[in-house]
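Colleague: Structure incoming, see below.
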Amino acid sequence: MNYRLIIKNRAVQDLRAQAEYLIRERDADRAIAFLAAAETTFAQLAKMPRLERYRVGSVQSWGK
């Protein structure tokens, strides 16, 4: 069962800004990979909305 995931305009703006930064400072492939990872995360959250965030050092991740 998939739930409805609402992605607010501000979140989309932030993702675009980060992708633009990656294009300028790194390369387009890095920006594409970043956006693909965001889409994958959104799909996971739509399937499992109770997925929790956790941190390992300075890296934020998702898990059960």
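Colleague: Quickly run through segment 1-27 and pick out the residues that are under 27 Å from ARG50 (Cβ atoms) and among the β-branched types (Val, Ile, Thr).
Modeller: If the condition is that a residue be under 27 Å from ARG50 (Cβ atoms) and among the β-branched types (Val, Ile, Thr), then ILE6, ILE7, VAL12 are the ones that fit.
Colleague: Which pairs do you get when a residue that is under 14 Å from THR41 (Cα atoms), found in segment 1-14, comes within reach of a residue that is of a type outside the set (Val, Ile, Thr), reach meaning Cβ atoms under 7 angstrom, with the pair 6+ apart or on two chains?
Modeller: These pairs meet every condition: ASN2/ALA46; ASN2/LYS47; TYR3/ALA46; TYR3/PRO49; LEU5/PHE42; LEU5/LEU45; LEU5/ALA46; ILE7/PHE42.
Each reported figure results from applying straightforward, stated rules to the coordinates on display, with no laboratory input. Quick caveat: nothing in here was measured; it's all calculated off a predicted structure. Here Cβ is always computed from backbone atoms with ideal geometry, including for glycine, and neighbour counts include all displayed protein chains.
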